[in-house]
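Here's the structure, in structure tokens; my notes come after.
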Amino acid sequence: MNYNFNFNTFAENIVPTKHRLPKMLAWFYAIVKPLQWLRDWFFDYTVDGLIYDNFDIATNYTVGTVVKNFYLNAGTFEGNGDLAIYICVQNTTGETCDNTDFWYKICDDSIGLSKYNLIDSKVILLEWALNNVFNTTQIPLTFRQPATGLRSDIYIETKTVQNPFFVGYIEAESGSAVYENGEAIDFVGNENPTAAGVPFDYIVWVPQNLYDGMDAMSASTDIAKTQVSKIVDKFNLGGMKYDVQPY
């Protein structure tokens, strides 16, 4: 790309050779710093995405280190874990990425724009993204192409929606469908959340140990579904229903 170049190198090249002294170059680096930051933010972080390591609470981070904010500690999910990309702004050990004194969020999407161009199929891309985003040293995940005949560790199962049209709660003001011989049930389904058997278009299956590790953060909050849904919602088409379940 024509815009993907190092502004520091550009600054050096426009300075006459006899003036390329450390103090002079430092001054030029300061001038082009905003442009260099914008270039790094877009090409290195937003475009490349997942080339960065997962955050590790035991690691000593120095200023300028970039991480992906997801990690498991001894099999238990900890920290903010918003799956975004952060850069260290103050040397630290043990400070999680939600501490703005030590970390600055660069971008929300850790997948990377370039990865979207590599795979066209939404199902394959979503499986690839899930297995890469939630991959950790403690619980390694593997993405497998369908041609191998093996499913990925986090995989998607397509379901058949039995009722193609839904109505809301059973109330006097609700819409109704009338069809001869009681055949309306073939066309209209009950969307009341309390009713059993509400269908899904697909199910995202997550390994039990990863699912339990994320849920261990809170007994009262379904963290695993929340975290996985942050990625799935980026791909899910409007009107499609899905569920996240362990296996």
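The values are calculated or read from the model by the stated rules, or taken from the named source; none is laboratory data. Here the structure is a predicted model, which is why all the values come from computation and not from measurement. Don't worry about glycine lacking a Cβ; one is built from the backbone with ideal geometry, like all the others, and counts go over all protein chains shown.
Filter segment 23-49 down to the residues that are assigned to a helix (DSSP H, G or I) and within 15 Å of A129 (Cα to Cα) and list them by number. The answer is T46, V47.
With the condition kept exactly as written, say whether any residue in segment 23-46 is touching a residue at least 60 places away in the same chain (Cβ under 8 Å), surrounded by 15 or more Cβ atoms within 10 Å (Cβ to Cβ) and touching a Leu at 6+ places or on another chain (Cβ under 9 Å). Yes: segment 23-46 contains one or more residues that are touching a residue at least 60 places away in the same chain (Cβ under 8 Å), surrounded by 15 or more Cβ atoms within 10 Å (Cβ to Cβ) and touching a Leu at 6+ places or on another chain (Cβ under 9 Å).
In the set (1) at pLDDT below 85; (2) in a helix (DSSP H, G or I), Y52 fails one condition alone, (2).
Tell me, please, whether a residue that is at pLDDT 75 or above, of a type in the set (F, W, Y) and part of a loop (DSSP other than H, G, I, E, B) can be found in segment 209-230. No: segment 209-230 contains no residue that is at pLDDT 75 or above, of a type in the set (F, W, Y) and part of a loop (DSSP other than H, G, I, E, B). For segment 105-121, indicate whether the set of residues that are in a strand (DSSP E or B), at pLDDT below 85, in contact with a Gly (Cβ under 9 Å, 6 or more places away or on another chain) and farther than 22 Å from V204 by Cα is non-empty. Among the residues of segment 105-121, at least one is in a strand (DSSP E or B), at pLDDT below 85, in contact with a Gly (Cβ under 9 Å, 6 or more places away or on another chain) and farther than 22 Å from V204 by Cα, which makes the answer yes.
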